[in-house]
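We did not get these values from a lab; they are worked out from the coordinates using the rules stated. This is a predicted model, so every value here is computed, not measured. Using ideal geometry, Cβ is built from the backbone for each residue, glycine included, and neighbour counts are taken over all protein chains shown.
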Amino acid sequence: MGQQDSHVMKTLTQFILGLVAFAVIIFVIAQIMTGGFYSGDKPAASMNDDAAIAERIAPVAKVMEAGAAPVAAAAPTEQSGKDVYNSACFACHGTGAAGAPKLGDKAAWSARIAQGLDVLSGHAINGFQGKKGFMPAKGGNPALSDDAVSAAVKYMVDESK
């Protein structure tokens, strides 16, 4: 029986060493693929890029002297429904987070679509607490216009019929 125990221990040791070697190989591959091993070169789109930092910390407003003429703001460009979905809605409707129906899930969308676009747009614009989840107003992005949110709702409905 001692020889059999020795064989089991040897096999178990080999298995554990194999798992450790496999884990090390996966770790090294992940580091190489994600740039985790520091090579000394900064990528152009790095989070530490000075231009990117300046853009992230730029002020949201400017103080003007009394009597100074305001600078005309550029007209906001309206995004397509697909663009709004990709930038604001995908986080929940692409993953099903917070009970959100996934884009293209006909069963999950059918009862909602039956309520009509006006009701769905109203829920998306103003927020809604339903039985299956929560919809924050404007998908959590108050900068979106009502028209942009409605366009995103229409896009999701069209993709889910």
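Straight-distance candidates among the aspartates and glutamates for linking to Lys62, with alpha-carbon spacing under 14 Å and chain neighbours fewer than 8 residues away dropped, are absent. Taking a ≥ b ≥ c as the square roots of the eigenvalues of the alpha carbon gyration tensor, region 85-137 is rounded, as a/c is under 1.5.
Just checking the listed ones, Gly18, Gly139, Gly130: in the Gaussian network model of the chain with Cα springs under 10 Å, the one fluctuating most is Gly18.
Of the residues Asp49, Asp5, the one with the fewest other Cβ atoms within 10 Å heads the list, and the complete ranking is Asp5, Asp49.
For the chain, adding -39500 (n - 2.57) for each run of n ≥ 4 DSSP H residues and dividing by the number of residues yields -15500 deg cm²/dmol at 222 nm. When the Cα gyration tensor is reduced to axis lengths a ≥ b ≥ c, the ratio a/c is 1.5 or higher for the chain, and with a/b not above b/c it is classed as oblate. Note on Lys131, Lys10: ascending count of other Cβ atoms within 10 Å places them as Lys131, Lys10, the fewest first. Ranked by the mean number of other Cβ atoms within 10 Å of their residues, highest first, the peptides 19-27, 86-94 come out as 86-94, 19-27. Note: relative contact order over the chain, using C-alpha pairs below 8 Å and six or more positions apart, is 21 percent.
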